[in-house]
Amino acid sequence: MRSGSPRDYSRRAQLSQSPDPAMVPADVAEAQILDLITPFDGARDRETVTLAEARDRILADTVLSPLDFPHWDNSAMDGYAVRFADVQGATATATVALTVIEEIPAGKRPQQAVAAGQAARILTGSMMPEGADTIVIQEITQRRDDQVQILEAPQPQAFVRHRASFHRAGEPLLFAGTVLQAPEIAVLAAAQCPLVPVYRRPRVAILSTGDELVTPDRPLQPGQIVDSNQYALVTLVQQAGAEAIPMGIVPDQPEALREAIAAALDQADLVLSSGGVSVGDYDYVDRILTELGATLHIRAVAIKPGKPLTVATFTQPSPTLYFGLPGNPVSALVSFWRFVEPALRKLSGQTRWSPLFVKARSHQDLRAGGQRETYLWGQVQVTEAGFEFSLAGGRHSSGNLINLAGTNALGVVPVGVTQIAAGDPVRVLLLPSGFTS
């Protein structure tokens, strides 16, 4: 993380048309936050893992393969390795007879070169013998003892996979910043890279603020609220590939909050707190951050839910980004999806970090107040007609966590728009959990 020189965001802010100058438009806030991030350094912020440990990790170095792919000329089909010059005139009525000199199973080196009038029985993946340049598939042959009749002329070099035609040794195989999933891990295994250089996982400290909060295992007293944010944010941080450091509940006491934030700064690259960033009498977060030496960049964003959002940076004890999220559970999650996750992706060394928006057709009317960019939660499905967005049932309140279950997308109603009619296109933010087809 870094505290970069300020950019001129005035034009973007004007285009976003936030009605309240104290609130930063969502796209401007996203750009400002990402501008504060310097990705991990491939030399400093790295570790080595085995292939078995590499799932979801991010390459810290570009990998060069020591091997050609394919490693040698080989057959793409079961059939016969031949010289094209011998079979180019073959037809069903003028077949060509060749002598089969050997059989080449997969994994075995050919023992003989193919000369004029000869062929080698070959299986898929087997190494091409010297002298042969073409594969005749077995479906257009007839075999009798050591003779094979070619019933149809193939194309020259048919079904031959040539050495290095997929990839040449010494050229980049996978680039730094690649997220390692099954295909990439298979490529690394095939290239005989048993140890993989990856970026370390960002460390994210998570704390919840509020005298009213209790843990799920405690009996709930009148006026108290279960701290669901801690568990949701830990899960989201882990899904983003980072290391979550849960720090529990901090009471609405300035000294306790100061100690908790200072402890978080000592062990994290990024700190998340929920609650205490609004304008209430017990909202101390912004004041404590300033006292601890933070630079406050954002205090509120023009989105709903999630208006209160504090974004700050520290240079001591080490460069750290701080997000003060709203306390309402839906607001906290929406703020994470919209702003924190892209920051984590960039910090962790990924090459793509911007939120993923698509156009979808709404199944219901989507209503908003028009003063802020409004996020309505629901589900996206992929049909033959494209993306389809279905609004979650029940009340869309920042405190209603219940109908957030099953959410995989957020429908966006822009500033200045109060309704998107059913059947009309809507901009949708796809969540990391993905979507069903």
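The values are calculated or read from the model by the stated rules, or taken from the named source; none is laboratory data. Note that the structure is predicted; figures quoted are calculated from it, not measured. Please note: Cβ atoms are built from the backbone with ideal geometry, for glycine as well, and neighbour counts cover all protein chains shown.
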Among residues of segment 345-361, those that are crowded, with 23+ Cβ neighbours inside 10 Å and either in a strand (DSSP E or B) or not charged (D, E, K, R) (or both), counted: 4
Is it true that D217 is of a type outside the set (G, A, S), surrounded by fewer than 16 Cβ atoms within 10 Å (Cβ to Cβ) and either touching a Phe, Trp or Tyr at 6+ places or on another chain (Cβ under 8 Å) or at positive phi (or both)? no
Filter segment 242-259 down to residues that are at pLDDT below 95 and assigned to a loop (DSSP other than H, G, I, E, B) and give me whichever is farthest from the chain's Cα centre (by Cα). Q253
Index of the failed condition, A43 passing every other in (1) touching a Phe, Trp or Tyr at 6+ places or on another chain (Cβ under 7 Å); (2) of a type outside the set (F, W, Y); (3) without any contact (Cβ under 8 Å) to a residue 24 or more places away in the chain: (1)
A careful count of residues in segment 132-145 that are closer than 13 Å to A97 by Cα and in a strand (DSSP E or B) gives 5
Under the condition of being modelled with pLDDT of 95 or more and among the hydroxyl-bearing types (S, T, Y), which residue from segment 311-330 is surrounded by the most Cβ atoms within 10 Å (Cβ to Cβ)? Y322
Going by the structure shown, is V334 in a helix (DSSP H, G or I), within 24 Å of I37 (Cβ to Cβ) and touching a strand residue (DSSP E or B) at 6+ places or on another chain (Cβ under 9 Å)? yes
Of the numbered conditions (1) under 15 Å from N74 (Cβ atoms); (2) surrounded by 17 or more Cβ atoms within 10 Å (Cβ to Cβ); (3) of a type in the set (D, E, K, R), D86 fails exactly one; give the number of that condition. (1)
If you go through segment 281-293 one residue at a time, do you hit one that is closer than 14 Å to V24 by Cα, among the basic types (K, R) and assigned by TED's automatic domain parsing to the domain that holds L270? no
Got a sec? Which of V204, V237, V187, V148 is assigned to a strand (DSSP E or B) and either touching a helix residue (DSSP H, G or I) at 6+ places or on another chain (Cβ under 8 Å) or within 30 Å of V49 (Cβ to Cβ) (or both)? V204
Pairing a residue in segment 375-388 that is not assigned by TED's automatic domain parsing to the domain that holds P305 with any residue that is among the hydroxyl-bearing types (S, T, Y), where Cβ atoms lie under 7 Å and the two sit 6 or more apart in sequence or on different chains, gives W377/T407; G378/S390; G378/T407; Q379/S390; Q379/T407; Q381/T436; Q381/S437; V382/S437
With respect to the numbered conditions (1) closer than 30 Å to L270 by Cα; (2) among the aliphatic types (A, V, I, L, M); (3) assigned to a loop (DSSP other than H, G, I, E, B), which one is the sole condition not fulfilled by V196? (3)
If you go through segment 302-320, how many residues are in contact with a Phe, Trp or Tyr (Cβ under 8 Å, 6 or more places away or on another chain), part of a strand (DSSP E or B) and not hydroxyl-bearing (S, T, Y)? 6
